[in-house]
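The values are calculated or read from the model by the stated rules, or taken from the named source; none is laboratory data. Predicted model only: the values in this text are computed from it and were never measured. Note: ideal-geometry Cβ built from the backbone for every residue, glycine included; neighbour counts use all protein chains shown. Side chains included, ligands, DNA and RNA excluded: accessible areas come from the protein's heavy atoms. Shrake-Rupley method; radii C 1.70, N 1.55, O 1.52, S 1.80 Å.
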Amino acid sequence: MGQWIQALKHAGKRIGFVPTMGALHEGHISLVHNALEHCDVLIVSIFVNPTQFNDPKDLLKYPKTLPSDVEMLLKCPCNAVFVPTISDIYPEGQFKDEWELGPSKDVLEGEFRPGHFDGVLTVVSRLFELVKPDYAFFGEKDFQQQYLIKKMAEKEGNQVKVLSFPTIRESNGLAMSSRNRRLQSDDVIVAAGIYKILLQMKVQRKNLGPQELEEWGNKNLNRPGIIDIEYLKVVKTSDLSSVEIWEENEGHIALLAAWVGGVRLLDNIFLD
Ligand code: PAF
């Protein structure tokens, strides 16, 4: 792959890259289609990265569907699927670097999944090293992830331009995620209700202050044993810090993690 990429670069081709952990869905496919507008050659990787799972049980339960993933990608105009082994990524054994990216790494997911982002940033930086993309593409469902990857790429001074694209949803509003396939059908209906409340939060934003809006969202979403909110926070899009007052020249976003039917789901909504 290294030689192929070198030859492509030599020929002046722009290389695009979509890293995934497989269990592909229409959200990934949409990312692939968006990506194609920015590059000449597109590589998709499938690698379930052990170092980003803070809970080993979660890693065991993570859906692994390589044959159907490859089949889906064969129908897309993507040029290569890169499926590295653990030792391709971690030739010296599994490790994760500690990334100094300031407080935005330690809040939200960082608070509830200690070490998760160090694992994500380590694998993404290693994948960038191997694939040497000009562009890399991520979904905004994992808003904090794409934010930190942009920050990491900037800090590393590497040439990769990191672009993000909006969350793709099922027709009932549920944000597409590889984890959704672990939801029972009753839980799918419950989980789809999350986005309805997020949409109402966007409406309520006109009447409420940021803290009140957060409280309103928590009160309306949290249904112990049915929807268990781990966090629901209103933060600034520029640095993921909490919001005291709405600022005119600032973006605001509500981010949440919630458990439904034993499955941990993430979602968010832009509030401006
Ligand atoms: O979002 C994901 O699927 C993963 O966190 C990523 C970016 C592929 C790194 O393993």
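Compute the length gained on full extension between E71 and K202: take 0.36 nm times their separation in residues and subtract their Cα-Cα distance, giving the result in nm to one decimal.
43.3 nm
Do you know the relative contact order of segment 171-272, to the nearest whole percent, from alpha carbon pairs under 8 angstrom that are 6+ apart?
28
By how many nm would the segment from E230 to D40 lengthen if fully extended, with 0.36 nm per residue of separation less the alpha-carbon distance?
Extending this stretch completely gives an extra 64.3 nm.
For a protection proxy built on the mean count of beta-carbon atoms within 10 angstrom, sort 247-257, 83-93 highest first, please.
247-257, 83-93
Taking segment 1-85, which GluC sites (Glu not before Pro) meet the DSSP loop condition and have no more than 13 other C-beta atoms within 10 Å?
Those that pass, being in a loop and sparsely packed, are E37.
For segment 43-130, which chymotrypsin sites (Phe, Trp or Tyr not before Pro) are in a loop by DSSP, counting at most 10 other Cβ atoms within 10 Å?
Here the sparse-neighbourhood loop sites are F95.
Given only helices, namely DSSP H runs of n ≥ 4 each adding -39500 (n - 2.57), what is the per-residue ellipticity at 222 nm of the chain, to the nearest 500 deg cm²/dmol?
-11500 deg cm²/dmol
Just the accessible area per residue of segment 207-272, please: how many Å² with a 1.4 Å probe?
Roughly 47 Å² per residue, with all protein chains present.
Over segment 181-271, with every protein chain in place, what whole percent of the accessible area is carbon and sulfur at 1.4 Å, could you tell me?
Result for segment 181-271: 50 percent of the exposed heavy-atom area is carbon or sulfur.
Ignoring ligands, DNA and RNA, please state the percent of accessible area on segment 1-96 from carbon and sulfur, probe 1.4 Å.
Carbon and sulfur atoms account for 55 percent of the accessible area of segment 1-96.
Using 0.36 nm per residue, how much length does the chain from S185 to R14 gain when fully extended, once their Cα-Cα distance is taken away?
Between S185 and R14, full extension yields an extra 57.3 nm.
What's the ranking of 170-177, 261-268 by average number of surrounding C-beta atoms within 10 Å, highest first?
For the peptides 170-177, 261-268, the packing ranking is 261-268, 170-177.
In whole angstrom, note down how far apart the Cα centers of segment 175-191 and segment 12-33 are.
Cα centroid of segment 175-191 versus Cα centroid of segment 12-33: 22 Å apart.
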